[in-house]
Amino acid sequence: MKNFVVCGYSKSGKTTLVKRLIAETNKNVYGFFTEKFPDRLTEDGFCPIYIYPIGNTPIFNDDHLIGLGGHGTHYTNADAFETKAVEYITTDDPNGIIFMDEVGFLEDSALGFQNKVFEVLSGNIPAVVMMKQKMNFDFMKKLKALPNIDFLELTEDNRDEIFEQIKRAIK
């Protein structure tokens with residue numbers, strides 16, 4: 001069994017790749033999506049970023065608010081990672097697969113979540129983790145250094161090839 005960490009720039013197709021893989025798998029799907037919602041700006045102009053389970057629509061409440069971005073800075077709600085994100089990637093289903101779309105610098109202070117990600121990537125259930133290109137935070141460096149993963153860089157030119165590679169591995 002292989003686990004994958006796929007990195008790519010914004011708009012490279014990471015979320016599309018996850019959705020394509022979900023549509024192709026016959027496994028039970030676990031994990032999460034994270035998403036910015038610029039149409040829900042705060043009064044002071046920050047863009048909220050929410051986490052929600054795969055298979056659900058976004059959930060707009062404080063428990064699912066993972067951070068705020070804007071004005072050249074970000075604020076992180078580590079509690080959402082420690083509770084919701086951990087919940088969404090916790091399974092012992094032998095016919096399961098876990099997708100995380102995406103992990104990045106907001107998780108750098110959520111140590112319980114980080115430990116759970118390392119546990120998942122060391123476990124027996126396949127996992128596919130998406131992350132932004134050029135992340136140099138401690139969490140990202142540790143993910144890249146794990147021995148039991150394939151680290152792939154996603155571009156517009158290799159999207160279909162990476163899709164086929166992961167699809168074959170997770171069947």
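Candidate values [x] -0.78, -0.84, -0.97; [y] -0.71, -0.81, -1.01; [z] -0.60, -0.70, -0.93 were compared with log10 I(q)/I(0) by the Debye sum over Cα atoms at q = 0.13, 0.14, 0.16 Å⁻¹ computed on the shown model; the agreeing label is [z]. FRET efficiency for the residue 119 to residue 56 pair, using the beta carbon distance and R₀ = 22 Å, is estimated at 0.40.
By DSSP, the beta bridges lying fully in the chain are antiparallel in about 40 percent of cases.
With a Cα cut-off of under 16 Å and a minimum spacing of 8 residues unless on different chains, the lysine pairs in the stretch 1-137 number 11. Bridgeable aspartates and glutamates around residue 171 (alpha carbons under 20 Å apart, same-chain partners fewer than 8 residues away excluded): 24, 92, 93, 101, 150, 160, 161. For the chain, a simple Cβ point-charge model (Lys and Arg +1, Asp and Glu -1, everything else neutral) yields a dipole of about 560 debye relative to the Cα centre. Sorted on the mean count of surrounding Cβ atoms within 10 Å across their residues, most packed first, peptides 141-149, 75-83, 39-47 read 75-83, 141-149, 39-47. Looking at the chain, the accessible area is 51 square angstrom per residue; that uses a 1.4 Å probe and ignores ligands, DNA and RNA.
For the pair residue 150 and residue 10, the difference between a 0.36 nm per residue extended length and the Cα-Cα distance amounts to 48.4 nm. Quick one: angle between helix 159-170 and the longest Cα principal axis of the chain, in degrees between 0 and 90, rounded to 10, please. The angle comes out at about 60 degrees. Compute the helix-to-body angle for 14-24: its Cα long axis versus the longest principal axis of the chain, expressed 0 to 90° and rounded to tens. Compared with the principal axis, the helix lies near 50 degrees.
The fraction of accessible area contributed by carbon and sulfur in the chain is 47 percent, rounded to a whole number (1.4 Å probe; ligands and nucleic acids excluded).
The values are calculated or read from the model by the stated rules, or taken from the named source; none is laboratory data. None of the values given here were measured: they were computed from a predicted structure. When we count neighbours, we look across all protein chains shown, and the Cβ atoms used for this are built from the backbone with ideal geometry, even at glycine. Areas reflect the complete protein model, heavy atoms only, side chains present, ligands, DNA and RNA absent. Shrake-Rupley method; radii C 1.70, N 1.55, O 1.52, S 1.80 Å.
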